[in-house]
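See below for the structure under consideration.
Every number here is computed from the coordinates shown, using simple stated rules; none is lab data. Computed from a prediction, not measured in an experiment: that's the story for all the values here.
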Amino acid sequence: MMATKFPVIPAVAPVHQPERDGGGSVVLERRTQKTKPPQMYQVVMLNDDYTPMEFVVVVIQEFFGKDLEAATQIMLKIHLDGKGICGVYSRDVAATKVDQVLDAAAKAGHPLKCISEPVDF
Ligand code: TYC
């Protein structure tokens, strides 16, 4: 006996098919980017009239990983402009750097201050 020629209809239709671009390639669906890079924080050191320059240079070397020359340049910028950026970090690391600087300054009896703030503040 001959098979009947009824069209075969799938019981469940596919929900999504990748689009074809006509050239034999599969075009993946474009999705909008959902993740942003994390906000970064800059540690800003403030000038004062009392903290010795040498102490500031040592602190910048010790806590911000700068060599003597780079630390001296940052210190002089702070001295001349009133403030300067010592480094840029994730929020937690920046907060730890601020704590370390304030702690070292307080222990040495200097009024040196620094803050962290979002980059593009
Ligand atoms: N202005 C200070 C002085 O003349 C030096 C200094 C530099 C202090 C940078 C703080 O963040 C500072 N001794």
- request: Show which lysines lie in cross-link reach of Lys97 when reach means a straight Cα distance below 24 angstrom and same-chain residues fewer than eight apart are skipped.
  value: Lys66, Lys77, Lys83, Lys107, Lys113
- request: State, as an integer percentage, the relative contact order of the range 40-118 based on alpha-carbon contacts under 8 Å between residues 6 or more apart.
  value: 50 percent
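What full-extension length gain, to one decimal in nm, is calculated for Val88 and Met53 as 0.36 nm per residue of separation minus the Cα-Cα distance?
Value of the extension gain: 10.4 nm.
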